[in-house]
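Reading through the structure tokens given below for one structure.
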Amino acid sequence: MKLATLKNNTRDGRLVVVNKALSHYADAGRIAPTLQVALDNWSDVEETLQNLSDKVEESEVELHVFDQSQCESPLPRAYQWADGSAYINHVELVRRARNSEVPKSFYSDPLMYQGGSDSFLSPKDDIPLGDVKWGCDMEGEIAVVTDDVPMGVTDKEAAKHIKLVMLCNDVSLRGLIPAELAKGFGFFQSKPPSAFSPIALTPEELGDFWQNSLVHRQLEVDYNGKPFGRAWAQKEATFNLAQLVAHAAKTRPLCAGTVIGSGTVSNKDDNGGPGRKIEEGGLGYSCIAEIRMIETIADGAASTSFMKPGDIVKIDMKDDDGNSIFGSIEQTVKAV
């Protein structure tokens, strides 16, 4: 089942069910007016939404042409957005570039921060940037949406509470991060609004691509029209998404509609090294910070600049036939 939220001049948009080809949709308003309402009542509406999805696929209901540019992020705002760091390779690179060791606990206890969830960007919205010195960066990620998660769930129990899967661009302002972290209170100004893929789909919709609470596909990141990252979302994941959900719920319950991110999808090179550019035969990177770290390690200084007004990032994921699974996030940096 593939769900999307279309713009309708309200804060939360309107819920629709989209076909597998991402070409047409049917309105789901008679079942749930918004995705948040659906998640609040998931056990009551899931079967009905799935029945509608089946009818959409067979063209047995009134259909409309699906236009990704008319989509909000599936949840235009959420009660909670927490981002983890499932891919320790990313953390290792950042630490290594500044001659800092990765604490052993990071391999058994996930990193996680609580982001701003009151206003997500639409998947085709511009990324507003007040100052290029802030170091604007994309971060290609996988994200999941839960129903109500009780406090203290196990990893296995947490997996059952993952109801939807999305792609994410977790925008970061790298130039602001060091000073914020030095205060000892974590991210705030350095983490502006994130954007999510036009489609949120059920794990069942992914079929064999969903195993062990990980998406077994390449995350495609293009930068200014050229391939930038092709990392595998299941490869070198120190933690899966169920483990991140359980981590978030260790000391408090999670409300239906909670969004949990994987952190930047990051792979090592085939020889165990930190990774290479796509044009050099590697899998590239899901954020600019990684290539800057590798340049720093190799050359003593970074040569790749962060994003500036006019730069375009596209994040997508394809099936075996080259069809987009989630629709694409495609954003242009805009000076404000």
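The values are calculated or read from the model by the stated rules, or taken from the named source; none is laboratory data. Predicted model, so just to flag it, every value in this text is computed and none were measured. Neighbour counts run over all protein chains shown; Cβ positions are idealised from the backbone, glycine included. Ligands, DNA and RNA are stripped out before the accessible areas are found, and what is left, the full protein with its side chains, is counted by its heavy atoms. Shrake-Rupley method; radii C 1.70, N 1.55, O 1.52, S 1.80 Å.
Some values worked out for this structure:
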read-out	value
Some residue of region 167-175 being under 30 Å from residue 319 (Cα atoms) and in contact with a His (Cβ under 9 Å, 6 or more places away or on another chain)	no
From the options 136, 168, residue that is closer than 29 Å to residue 268 by Cα, modelled with pLDDT of 95 or more and in contact with a helix residue (DSSP H, G or I) (Cβ under 9 Å, 6 or more places away or on another chain)	136
Neighbours by Cβ (under 8 Å, 6+ apart or cross-chain): first from region 247-268, β-branched (Val, Ile, Thr); second open to solvent by 60 Å² or more (accessible area, probe 1.4 Å)	251/151; 258/79; 265/232
Conditions (1) among the basic types (Lys, Arg); (2) more than 18 Å from the chain's Cα centre (by Cα); (3) under 23 Å from residue 143 (Cβ atoms); number of the one not met by residue 314	(2)
Residue, surrounded by the fewest Cβ atoms within 10 Å (Cβ to Cβ), within region 278-296, restricted to residues that are touching a Gly at 6+ places or on another chain (Cβ under 6 Å) and in a loop (DSSP other than H, G, I, E, B)	282
Among (1) modelled with pLDDT of 95 or more; (2) over 16 Å from the mean Cα position of the chain (by Cα), the one test that residue 116 misses	(2)
Candidates 92, 72, filtered to the one that is closer than 22 Å to residue 169 by Cα and modelled with pLDDT under 95	92
Yes/no for residue 124 being of a type outside the set (S, T, N, Q), open to solvent by 30 Å² or more (accessible area, probe 1.4 Å), touching a residue at least 24 places away in the same chain (Cβ under 8 Å) and part of a loop (DSSP other than H, G, I, E, B)	yes
Residue satisfying condition, being at pLDDT 95 or above, farther than 26 Å from residue 317 by Cβ and more than 18 Å from the chain's Cα centre (by Cα), within set 60, 101, 46	60
Some residue of region 297-312 being part of a strand (DSSP E or B) and at negative phi	yes
Every residue from region 146-155 that is within 22 Å of the chain's Cα centre (by Cα) and either surrounded by fewer than 21 Cβ atoms within 10 Å (Cβ to Cβ) or assigned to a loop (DSSP other than H, G, I, E, B) (or both)	147, 148, 155
Region 298-326 residues that are over 19 Å from residue 23 (Cβ atoms) and free of Cβ contacts under 8 Å to residues at least 40 places away in the same chain, paired with ones that are hydroxyl-bearing (Ser, Thr, Tyr) and open to solvent by less than 50 Å² (accessible area, probe 1.4 Å) (beta carbon under 8 Å, 6 or more apart)	302/296; 310/332
Residue match in region 260-271 (condition: under 16 Å from residue 223 (Cα atoms) and among the acidic types (Asp, Glu))	no
Some residue of region 78-87 being closer than 20 Å to residue 196 by Cα, hydroxyl-bearing (Ser, Thr, Tyr), open to solvent by 10 Å² or more (accessible area, probe 1.4 Å) and assigned to a loop (DSSP other than H, G, I, E, B)	yes
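Listed here are the residues, each with its yes/no results for (1) in contact (Cβ under 8 Å) with a residue 12 or more places away in the chain; (2) buried (at least 21 other Cβ atoms within 10 Å of the Cβ); (3) of a type in the set (A, V, I, L, M, F, W, C).
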{"residue": "72", "(1), (2), (3)": "yes, yes, no"}
{"residue": "120", "(1), (2), (3)": "yes, yes, yes"}
{"residue": "133", "(1), (2), (3)": "yes, no, no"}
{"residue": "139", "(1), (2), (3)": "yes, yes, no"}
